[in-house]
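Colleague: Can you read through this structure? Questions will come right after.
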Amino acid sequence: MIEITEHTRNVLLEVAKKKKIYVEGNFLKLLKAPKGDKEFEEYLTVCKDKDSTARKKRLSVTKQVQSQNKELEKAAKENEQLLLDLQVALDEAKEAEKEAQKLRDEAVEDLDMLQKRTQFELIGLIVKVALIIIIGVGVTTTLLYSVAMLAGEDTTLLGNAWSNMFGILLTNSFSIIGTIMGVKYATEKSE
Amino acid sequence: MIDSILLIDDEDLFHLVFEDACSLLDMTLSLEALNSSDEADRLFKKWFIEGPIEDRPECVFVDLNIIGSSFDGIEMIRKINTDYGNGVVIGIISSSDDTQEIEKAKAVGAQFWIIKSDEIEPRLEEFIKDYDGYQARTAPFKVYK
């Protein structure tokens, strides 16, 4: 403990009275009032009370700040977790979008293939029917012409009709082939 | 009253809390607070090698997880007790109450474990009551909850 000299005692009391400045902190705990000096004892009690009040106030504020800091830290961690979850969800959404795009492309491709197949089947059918008609008409006319020739009938009209018919049929055949080739060429180009 | 206390804790705000609590409880007149175990390690090394060894604090409170330090509180206690001649009352002050960690601390020579919370004063008050036993090395390891 530190015993205060008369001069220091008077200065401390004066400063407290005039300027309201009091000794504070742990140093205060080292000060000892001279024996029987009631005034200085009271001064030390006031100093201790003031120091204790200030410390209590500071302790309370610090604890509040500490608690708020903890809450902020907790909130920051939650936010971080939310951001991470959001990022994961975003990645999943991107992945799903890619998958959907892939499926859509596959579906479009399938549809295109189906359309082409239908087109080719239709063309094939037209060609078959056309060929059947051409061959049928050719064969019928030729048979008629042959029967007429074998029977010794006049074949002038039939001969002309046969040659005309054959010419027309050949022309039409080439026309059909040309059309098929054209369609095929156009389809290949659009691919 | 404890002659001198050293607090090793990375949280500056807790330094203020601890300092005010110690002052209000008249625990000590001399309190030094450090942020890292590395700094504390340097000081203990200095006191142990260069001396004077009496400059060592009388009581040391170490946080369990000291962010930004090379080693944690348990390792700090082990170093002080085995590498730097022991001789101080030492324990953990942490918000954790992990029993495994408590056992580890006990194994390296910690004398107490104080759980940090908003109401630290009642625990410190209880600690002061037991302090003489810690100094005389007669008090058993205790967790202040």
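Laboratory data are not the source of any read-out in this text; all were calculated from the coordinates shown. None of the values given here were measured: they were computed from a predicted structure. When we count neighbours, we look across all protein chains shown, and the Cβ atoms used for this are built from the backbone with ideal geometry, even at glycine.
Colleague: Consider segment A:17-44. How many of its residues are farther than 17 Å from residue B:29 by Cα and either charged (D, E, K, R) or facing chain B (nearest Cβ under 8 Å) (or both)?
Modeller: So the answer is 10.
Colleague: Name the pairs whose Cβ atoms lie under 9 Å apart, with the first residue in segment A:45-71 and closer than 24 Å to residue A:26 by Cα and more than 9 Å from chain B (Cβ to nearest Cβ), the second outside any helix (DSSP H, G or I) and aliphatic (A, V, I, L, M), and 6 or more positions between them or separate chains?
Modeller: Taking only residues 6 or more apart or on different chains, the pairs are A:47/A:23; A:47/A:31.
Colleague: Do you know which residues across segment B:58-76 are part of a loop (DSSP other than H, G, I, E, B) and not small (Gly, Ala, Ser)?
Modeller: Scanning segment B:58-76 gives B:58, B:63, B:64, B:65, B:66, B:67, B:71, B:72.
Colleague: Which of the residues that make up segment B:20-38 are in contact (Cβ under 8 Å) with a residue 12 or more places away in the chain and assigned to a helix (DSSP H, G or I)?
Modeller: Answer for segment B:20-38, where residues must be in contact (Cβ under 8 Å) with a residue 12 or more places away in the chain and assigned to a helix (DSSP H, G or I): B:21, B:22, B:24, B:37, B:38.
Colleague: Right, another one. What number of residues in segment B:5-17 are within 11 Å of chain A (Cβ to nearest Cβ) and either of a type in the set (Lys, Arg) or in a loop (DSSP other than H, G, I, E, B) (or both)?
Modeller: Residues meeting the conditions: 1.
Colleague: Let me ask something else. Could we say that residue A:101 is within 14 Å of chain B (Cβ to nearest Cβ), in a helix (DSSP H, G or I) and not charged (D, E, K, R) here?
Modeller: Against the criterion (within 14 Å of chain B (Cβ to nearest Cβ), in a helix (DSSP H, G or I) and not charged (D, E, K, R)), residue A:101 does not qualify.
Colleague: Turning to a different aspect of this structure: Scanning segment B:23-56 for residues that are within 9 Å of another protein chain (Cβ to nearest Cβ) and crowded, with 19+ Cβ neighbours inside 10 Å, which turns out farthest from residue A:69 (Cα to Cα)?
Modeller: Taking the candidates together, the pick is B:28.
Colleague: Next up: Is there any pair linking a residue in segment A:106-120 that is surrounded by 10 or more Cβ atoms within 10 Å (Cβ to Cβ) to one that is of a type in the set (S, T, N, Q) and in a helix (DSSP H, G or I), with Cβ under 8 Å and at least six apart or on different chains, and which?
Modeller: Every condition considered, the pairs that remain are A:116/A:187; A:119/A:187.
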